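Presented below is the structure to which this report refers.
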Amino acid sequence: MAQRDYVSRGRTPQNKKKNSNKGKAPPPQTNKKKVWVRLVGVVVAILLLIYFLFSIKDNVDETADAPMTPLPQLTEEEELPELPEEEWEYIKTLPGYEVEVEVAEQKKSDKLYLLQCGSFRTRSQADEMKAKIAFQGLEAQVRASTGTNGEWFRVIMGPLQTKRDAERARHSLRKVNITTCMILYWNL
């Protein structure tokens, strides 16, 4: 397919004499006839607007500025009856009102919990996670564990007494985008 020159498309060829004035702005090429037509059009539009405004000036509805007629006055026979005074009962009873709720006592679990937030191949990554946890005011430990696939460094928190404590710690870590924490039983 033949290549086309789209950049110079639509331009008029320039004479070499015009290119000899490099650095200077070319003289403005305005069509005087178009300028005069536009100027006359603007003047005609302004005159039509002024004519329109003067023609609607005298067509104002006079009743709009007239004073309002007063409403008919009610006589004593037609007046509304007085509202009876309401007596609120809750104002007197609320201060002495107490709600008793029966709460089942939570069973103490003999199991301890831990929160594992990561397992890394290098100790430096584990220490970095431990530092992020420390900035939240929680204490974490780095424990090395050896398995069939090499040495891993686990970042754990615990032992925690209740699962609620573990959930609370996990929720506070989610605020700083640590979402990889798992709650496990303490078996170390």
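Only one of (1) of a type outside the set (S, T, N, Q); (2) surrounded by 10 or more Cβ atoms within 10 Å (Cβ to Cβ); (3) within 20 Å of Y185 (Cα to Cα) fails for A134. Which number is that?
All conditions pass for A134, except number (3).
Sort through Y113, Y90 and tell me the only one that's open to solvent by less than 100 Å² (accessible area, probe 1.4 Å) and modelled with pLDDT of 75 or more.
Numbers: Y90 fails: open to solvent by less than 100 Å² (accessible area, probe 1.4 Å).
Result of the check over Y113, Y90: Y113.
Anything in segment 146-174 that is more than 28 Å from Q106 (Cα to Cα) and either surrounded by fewer than 11 Cβ atoms within 10 Å (Cβ to Cβ) or polar (S, T, N, Q) (or both)? List them, or say none.
Once the filter is applied, which keeps residues that are more than 28 Å from Q106 (Cα to Cα) and either surrounded by fewer than 11 Cβ atoms within 10 Å (Cβ to Cβ) or polar (S, T, N, Q) (or both), segment 146-174 yields T146, G147, T148, N149, G150.
Do the conditions hold for E151, that is, is it at pLDDT 90 or above and in a loop (DSSP other than H, G, I, E, B)?
no
Looking at segment 133-148, I want the residues that are within 17 Å of K175 (Cα to Cα) and among the polar types (S, T, N, Q) and have a partner that is open to solvent by less than 70 Å² (accessible area, probe 1.4 Å) and outside any loop (DSSP other than H, G, I, E, B) with Cβ atoms under 7 Å, at least 6 apart or on another chain. Which pairs are those?
Qualifying pairs under 7 Å: Q136/S172; Q136/L173.
The values are calculated or read from the model by the stated rules, or taken from the named source; none is laboratory data. Since the model is a prediction, treat every value here as computed from it, not as a measurement. We place every Cβ from the backbone using ideal geometry, glycine too, and count neighbours over all the protein chains shown. Areas reflect the complete protein model, heavy atoms only, side chains present, ligands, DNA and RNA absent. Shrake-Rupley method; radii C 1.70, N 1.55, O 1.52, S 1.80 Å.
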